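Shown next, in C-alpha cells, is the structure this report addresses.
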Amino acid sequence: LASVAIAGVAMPAAAKEKPAAEPAKAPPKLSKAVAVALQAAQKLQQAGDNAGALAKIAEAAAVPNPTPDDVYTIAALKLNSAIGLKDNVLIENTLGELLATGKVAAADQPKFLKNIGSLAMNRKDYAKATDAFEKLAKLTPGDSDVVIALAEMYFAQKQSAKAVAALGDAIAAEKAAGKAVPEAWYRRRLAIAYDGKIADVIQPAARDLVAAYPNAVNWRDALIITRDSFPSLDDQASLDFMRLQAATGSLNGERDFVEYADTALGRGYPGEAQFAINEGLKRNMLVATKPLVAELKKSADAKVVTDKASLPGLEKEAKTNPKSALGTGDAYFGYGDYAKAAALYKQTIGVATVDQSIANLRLGAALARSGDKAGAVAALNSVKGGARGALAQYWIIWANQPAG
C-alpha cells in the first residue's frame, strides 16, 4: 500500500486550524486482506469516487483481528473520502477514531480536537464539543481562546459556574502572559455570574471589570449591580453609591440625576442636589422645563444660600458634636470642598456614637476626591462588610486609577 497522506480538513469558520494527520514514520504493516481493500479504495479516491472508496474501506474495517496499523490506516483513508464528500459528521467521527488509535502526532492532536469540538458545536452537540475542548485546553494551557470557547459551551449547557471559572482562568492566563485582556471577557464573566446568581463571583468580577476598563458604562453597571444586591438600603447608603457614580461620571439618564437630587434634598444637602441638577442639565440628561426638574432646581437653589451661610456655625458646633461633624462634612462634600469634608469626617473616627462604616467610607471618599490616595485607601480598608464594605472596595479602585 502506498503511504497514506491525510489532507487538511475543510472546516467551518469556528475552526481556525486544519488538521493534517500524518502516518507513522515507519511504513504501516497491514494485514493482507486490509491492504488489498485499501489499495482498491485509494484507486477509487484518485478517480474521484469517494463513495465507492468508502465501501472498500468498510470491507477493510470488517476484516477480523485488525492490527493497530490497520485501524489507523483505515481511519486515515476514511477521512480523505469524508473530506472529498464534505461529510462533516463523518469527518468529525473519523477524526475521533484517528485520535483513539494513539498514532496521531502530538503536534496535530490540538488541531484534531479543535475541529471535532467546532463541528460538534455546529451540530449543537455541546456535550461532545465540551469534551473535545476540555481535552484541548489540557493540551494547550496557554491558549486562552480555547478556554473562552469552552466557557461559552458551559454557558450553553447552563453550567454557569464552570463558564465563569473558565473565563476567570482565561483572564488570569492573559494577564500572567503580559497580554491585554479584552474588555468583552470581563463583561462576559460578570454577565454570566450575575445572570446565574453566582454570588461569590459577582463582586470580584465587577471590580475586575472597572479596574481594567474604568469607563462610565462599566462603572455604572458595576455599581448598579452592587447596589441592587443590597435591596434594603436607606437614603444615606443610596447617597453613598450615587456619590461614587458622580465621581466616576457614571450617572446616566434622567432617573439617575433626579434620584440623586431628590435624595440629597431629602437628607438636607441642597448643594449636592444643586450639583446633581446642574450636572444633569449640562450633560443634556435633564430638561429644565420639565416640571419635576424645575421644581427640584427651584428648591435646591432657594436653600443653597441659607445652607452655605450656616456652615461656619455648624463647623464650630462640630468640634464638640461628632454627629454634627459628620453631617457638616456631608454638606461640604456636596459643595465639592473635599478637604474640609475630610477634616470634619476625621473628627468622627473612633467615636462610639458614630457609625464607623459611614465615617470611614466618607472620609475615604473625601480623601480620594481630594487626591490623598494613601489616606483614602487606609480609611477605606477599615470599612468591612455590607453595602459600604463593598462600596469601599470600589472607591479604592477609583483612587488607584490614574487621574483623568
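Remarks
- Shape call, the range 286-404: gyration tensor on alpha carbons, a/c limit 1.5: oblate
- FRET efficiency estimate (nearest 0.05) - Cβ-Cβ, ALA100 to ALA199, R0 35 angstrom: 0.25
- Simple rule: put +1 on each Lys or Arg Cβ and -1 on each Asp or Glu Cβ in the chain, find the dipole, and look at GLY371, GLY178, SER229; the Cα lying farthest toward the positive end is GLY178.
- Note on the range 110-200: semi-axes of the ellipsoid equivalent to its C-alpha gyration tensor, largest first and rounded to whole Å, are 21, 17, 9.
- Volume of the Cα convex hull of the range 234-353, divided per residue and given in Å³: 99
- Charge dipole (debye, nearest 20) of the range 319-404; +1 at Cβ of Lys and Arg, -1 at Cβ of Asp and Glu: 100
- For the residues ARG243, ARG220, a 1.4 Å probe over the protein chains yields an accessible-area ranking, largest first, of ARG220, ARG243.
- Area accessible to solvent at TYR269, 1.4 Å probe radius, in Å²: 20
- The C-alpha atoms of the chain define a longest principal axis, and helix 235-248 lies at about 70 degrees to it.
- Net charge dipole size for the chain [Lys, Arg +1 and Asp, Glu -1 on Cβ; Debye, nearest 20]: 360
- Entries of LYS175/LYS340; LYS158/LYS373; LYS135/LYS197; LYS56/LYS135 with Cα pairs more than 30 Å apart: LYS175/LYS340; LYS158/LYS373; LYS56/LYS135
- Of the accessible area of the chain, computed with a 1.4 Å probe over protein heavy atoms only, carbon and sulfur atoms account for 55 percent.
- Kirkwood estimate for the range 151-219, i.e. one over the average of 1/r between Cα atoms, Å: 12.0
- Ligands, DNA and RNA are left out, and with a 1.4 angstrom probe the accessible area of the range 221-347 is 47 Å² per residue.
- The Rg/Rh ratio for the chain, using Cα coordinates for both the radius of gyration and the Kirkwood hydrodynamic radius, is 1.27.
- Cα-based radius of gyration for the range 237-295, normalised by 2.2 N^0.38 Å, reads 0.99.
- Rounded tilt (10° steps) of 109-122 against the dominant C-alpha axis of the chain: 70
- For the range 206-226 and the range 292-362, distance of Cα centres in Å: 28
- The coefficient of translational diffusion for the range 48-175, derived via Stokes-Einstein from the alpha carbon Kirkwood radius under 20 °C and 1.002 mPa s, stands at 135 µm²/s.
The values are calculated or read from the model by the stated rules, or taken from the named source; none is laboratory data. What you see is a predicted model; the values in this text were computed from it and never measured. So basically every Cβ, Gly included, is an ideal-geometry build from the backbone, and we count neighbours across all protein chains shown. Surface accessibility is based on the protein's heavy atoms, side chains included, excluding ligands, DNA and RNA. Shrake-Rupley method; radii C 1.70, N 1.55, O 1.52, S 1.80 Å.
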